[in-house]
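Sharing a structure, written as structure tokens. Questions coming.
The values are calculated or read from the model by the stated rules, or taken from the named source; none is laboratory data. Here the structure is a predicted model, which is why all the values come from computation and not from measurement. Here the Cβ positions follow ideal geometry from the backbone for every residue, glycine too, while neighbour counts run over all protein chains shown.
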Amino acid sequence: MTYFIVNERCTGCLSCVQNCPARALKATEDDQLRTLHHNMARCARCATCWRVCPEDAIEIQHLLVDEWDEVVTLSLARCKICGEVLHTHQLEGTIDPKLQPMAERLCARHKSRQAATVIAYPLSKPHTQGKSSPS
């Protein structure tokens with residue numbers, strides 16, 4: 001979404017460019033056209049451009065809207081026993097392939113139970129359905 005919007009009232013007077021304390025605005029010109037550019041990374045969101053514009057051509061309400069913009073949606077990996085969220089599948093994909101067999105999908109609580117079972121009963125396989133019992 002573009003947050004800095006200039007409407008049809010802009011005359012290209014460059015008041016905004018000349019008064020921007022963050023130097024987030026610039027103008028370029030070719031033979032026929034003047035183009036205004038805005039750099040959101042530099043913008044201090046101080047609204048000086050809006051205050052100095054003699055034509056009320058700058059619209060900053062988009063900077064002031066208290067909304068969250070959705071930027072990415074990722075699928076979740078959950079504990080195979082209780083369903084607690086562990087991380088995303090995309091993060092899981094970054095695990096070294098050699099280590100993936102050891103990266104079992106268990107939350108901290110079930111990992112510690114599994115570790116305790118292995119220590120208490122080293123020859124038995126730990127159960128993944130919750131309770132463990134000796135074989």
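Would you tally the residues in the range 60-75 being surrounded by 13 or more Cβ atoms within 10 Å (Cβ to Cβ) and either at pLDDT 90 or above or within 19 Å of the chain's Cα centre (by Cα) (or both)?
1
Now, a different point. Being more than 28 Å from the chain's Cα centre (by Cα) and loosely packed, with under 13 Cβ neighbours inside 10 Å is the filter here, so list the residues in the range 1-33 that pass it.
Listed by number, the residues that qualify are Asn7, Glu8, Arg9, Thr11, Gln18, Thr28, Glu29, Asp30, Asp31, Gln32, Leu33.
Same structure, new question: Being closer than 20 Å to Cys13 by Cβ and loosely packed, with under 12 Cβ neighbours inside 10 Å is the filter; apply it to the range 35-44 and report the residue that is nearest to the chain's Cα centre (by Cα).
Checked the range 35-44; the qualifying residue nearest to the chain's Cα centre (by Cα) is His37.
When the range 29-51 is examined, which residues are found to be part of a strand (DSSP E or B), without any contact (Cβ under 8 Å) to a residue 24 or more places away in the chain and not β-branched (Val, Ile, Thr)?
Residues satisfying the conditions are Glu29, Arg34, His37.
Then there's this: Six or more apart or on different chains, Cβ under 8 Å: which pairs go from a residue in the range 52-68 that's under 9 Å from Tyr3 (Cβ atoms) to one that's at pLDDT 80 or above and assigned to a helix (DSSP H, G or I)? Could you list them?
Filtered contacts from the range 52-68: Ile60/Cys49; Ile60/Trp50.
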